[in-house]
Every structure is written in structure tokens, then in C-alpha cells.
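Single-structure report; data block below.
The values are calculated or read from the model by the stated rules, or taken from the named source; none is laboratory data. The model shown is predicted, which means the values in this text are computed figures rather than measured ones. All Cβ positions, glycine included, derive from the backbone under ideal geometry; neighbour counts span all protein chains shown. Note: areas computed on protein heavy atoms with side chains; ligands, DNA, RNA excluded. Shrake-Rupley method; radii C 1.70, N 1.55, O 1.52, S 1.80 Å.
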Amino acid sequence: MVDRLTGYRILILETREEAQFSRLLAEQGADVLQCPMFTIHDAPDSAPIEAWIRRMIDRPCDDLVLMTGEGLRRLLKVARRMNIEKDFISALAALRKFARGPKPGRALREIGLQPQVTTEKPTSEGIAEILSRVNLKGHRVGLQLYPDRDHSVLIGAITAQGAEVDAVLPYVYDAAAADTNIVTAIGEMAKGHIDAIALTSSGQVRRLMEVAQAHGCEASLREGLARTPIASVGPVVSEELKSLGLRTDIYPANDAYFMKPLISAMAAALGKNPPRSTVMAS
């Protein structure tokens, strides 16, 4: 599959976790247009996070639910600043760890640990479903949250099993800082300068539409998406697109909802026509 995307301009809505996706696309020769969705900052008040880390060391939970790889890395950063990173990692090693999809698992492996359970569906619903199959009665469950999401349903599902939840939110989003980049990307699609947009989370779809509505360019967004192939990594993203009246053009084969199968599907679909840059140049 080497160089099968050479000359094709692919738009991705970038977060820290999309760095690998960008690299994989570039390895196939793609011209990757990276559009940051938001800027990530440490939580403004570090005291609750420091207290949570100390509780994990002094009075460890029975289980730990990691919702994002970014969250674990931010927790480790705080522990490092507190000079207790080794103690924190040792405490984590003793816990039963649940990962919401592959990204938290990658962050665990960076420190020599592994999740005991990884959800097939990288969603809060997927985590709730997995946890419903295990006995949590009387357990303390550490729960690493992420911003801009109502986690009350997940927390309620855990406490309904007779468990106590000890939650931490280690980072925040600054969305406004990235709005200009997203508006520019919408304009590029509307002009026909993008060969495909690749979406790897439902949050990216919502963010794209929210920015377009806030800046009065929803019509341009819909026009751009009408003329730009939309690649979706899986059913959660495709359902979000459908809810907004949008379609999925490119989808991984064999229900393999990961980046590499998505890239293979993109190469196969886009390869049927030359890159738009080539067409425009001629």
C-alpha cells in the first residue's frame, strides 16, 4: 500500500491522538491537512488532581477506568511534578484496569503496563456495557474523565452496581483557539481543494458542525462535504454523520474499525480517480 495516496490531499481534524493517524497517512504519500479541533490544557486547579493521585497511592482503588490516553498522560505529568511518579505507576500496576478503546491502552504500555480489559466500542456506552458484566459490589472504582461530556449516565451505571466512584478530570479543552483553523478548512472543502476528509470520532463531526453554525458558514460546510468524500472509521462516527443529514462514503472493510483499515479503504476508493490537484493543474 506504499505511496497509494500520493498526491491526494486528506483533511483530518487533529487532536493529540491523531498524530499517529497523520503519520500513517503521510507514509502512504498523502498530503495531510491537519486541522486542530481544540487546544488541550492542564486543569486550571491542580489540587483535586493531586489529591486523587495521592489517594490512588495511599488508598488504592480496586479498579481503574481510563477514558482517554491523554488523561493518563496528564495524570503522570502531575505525579512527575509531585515527585511521586514511580509510586503512582506502582499503584496503577496493582489495579484492574479498563480501557475505553485502544488509546488508553497505548498510554499504559508507554509506562510498561497493560489494561486487563479493553472495550471493542471506544465509547462511554461501551465501558458501561463491559462493567455491567463484572462484579463491582463494594469496589472503589477510579474513573478518569474527559471534558465536554456529561458522564452522569456512566457514573450512575457504576454506582448502581454497589460501587463507589472516585473520579478525576485532568485536563480541559480550549475550543475557541482552533475555530479559525476549522473555518479555513471548511473553505478549502467548499472550493474543492480537498480529496477526502477522514473522521475518527463522533466528537469531530459535532465540532465541525458547531463551529460552522457559530461562524455562519454551515451552508459552506454542507456544500464542501457534498463534494468531498467522507471517510468514517466506524459506526459511531457514521451514526453521528447520519444524524446531521450527512453520509459516509468510505468505510473500513470487514468491520475493522481502526486507522490502518480506514487508510486502506481510502486508498482503494480515492485511487479510482486522480487527485484533484492533478485535475486542476491540467
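Does residue 222 satisfy being in a helix (DSSP H, G or I), open to solvent by 10 Å² or more (accessible area, probe 1.4 Å), farther than 17 Å from residue 35 by Cα and not acidic (Asp, Glu)? When the stated conditions are applied, residue 222 passes them.
Scanning the range 221-254 for residues that are among the small types (Gly, Ala, Ser) and without any contact (Cβ under 8 Å) to a residue 24 or more places away in the chain yields 226, 234, 238, 243, 245, 253. The set of residues from the range 225-248 being over 14 Å from the mean Cα position of the chain (by Cα), crowded, with 17+ Cβ neighbours inside 10 Å and not aliphatic (A, V, I, L, M) comprises 228, 229, 238, 240, 248. All conditions but one from (1) at positive phi; (2) modelled with pLDDT of 95 or more; (3) among the acidic types (Asp, Glu) apply to residue 218; the one that does not is (1).
Inspection of the range 165-174 identifies at least one residue that is within 30 Å of residue 137 (Cβ to Cβ) and out of contact with any Leu (no Cβ under 6 Å at 6 or more places or on another chain). When only residues in the range 133-181 that are among the acidic types (Asp, Glu) and under 26 Å from the mean Cα position of the chain (by Cα) count, which is most open to solvent (accessible area, probe 1.4 Å)? Taking the candidates together, the pick is 148. Screening 133, 109 for residues that are modelled with pLDDT under 95 and out of contact with any helix residue (DSSP H, G or I) (no Cβ under 9 Å at 6 or more places or on another chain) leaves exactly one candidate, 133.
Condition check: open to solvent by 70 Å² or more (accessible area, probe 1.4 Å), farther than 21 Å from residue 101 by Cβ, of a type outside the set (Gly, Ala, Ser) and not in a strand (DSSP E or B). Does residue 80 satisfy that? Against the criterion (open to solvent by 70 Å² or more (accessible area, probe 1.4 Å), farther than 21 Å from residue 101 by Cβ, of a type outside the set (Gly, Ala, Ser) and not in a strand (DSSP E or B)), residue 80 qualifies.
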